[in-house]
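Worksheet: the structure to be examined is printed underneath.
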Amino acid sequence: MKLSARNTIKGGIKDVTLGPVSAEVTLRVAPGIDIVAVISTASAKALKLKKGKKAYAVIKASSVMVAID
């Protein structure tokens, strides 16, 4: 995976809450430190996000996105 964003933080998915339009994804990036992102439910399903899977918080400007290898 190559991105122009410089702020990528690897973590493990602690929780995924799917809604009809958006999904809340919580990444545990260090002991006791979580990053929460709200992405589309379609994106969460396309990335097959689930608890325990490794993912990245990709921070660009004021947005937080989720990426996988």
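Some observations on this one:
- Scanning the range 32-47 for residues that are over 11 Å from the mean Cα position of the chain (by Cα), touching a residue at least 12 places away in the same chain (Cβ under 8 Å) and open to solvent by 60 Å² or more (accessible area, probe 1.4 Å) yields one hit, Lys45.
- Considering residues of the range 1-31 that are without any contact (Cβ under 8 Å) to a residue 24 or more places away in the chain and open to solvent by less than 40 Å² (accessible area, probe 1.4 Å) only, the residue nearest to Lys50 (Cα to Cα): Thr26
- Of all residues in the range 48-63, those being open to solvent by 50 Å² or more (accessible area, probe 1.4 Å) and either free of Cβ contacts under 8 Å to residues at least 40 places away in the same chain or outside any strand (DSSP E or B) (or both) number 8.
The values are calculated or read from the model by the stated rules, or taken from the named source; none is laboratory data. Please read all numbers here as calculations on a predicted model, not as lab measurements. Counting neighbours? That spans all protein chains shown, and the Cβs are built from the backbone with ideal geometry, glycine included. In case anyone asks, the SASA skips ligands and DNA or RNA and just uses the protein heavy atoms, side chains included. Shrake-Rupley method; radii C 1.70, N 1.55, O 1.52, S 1.80 Å.
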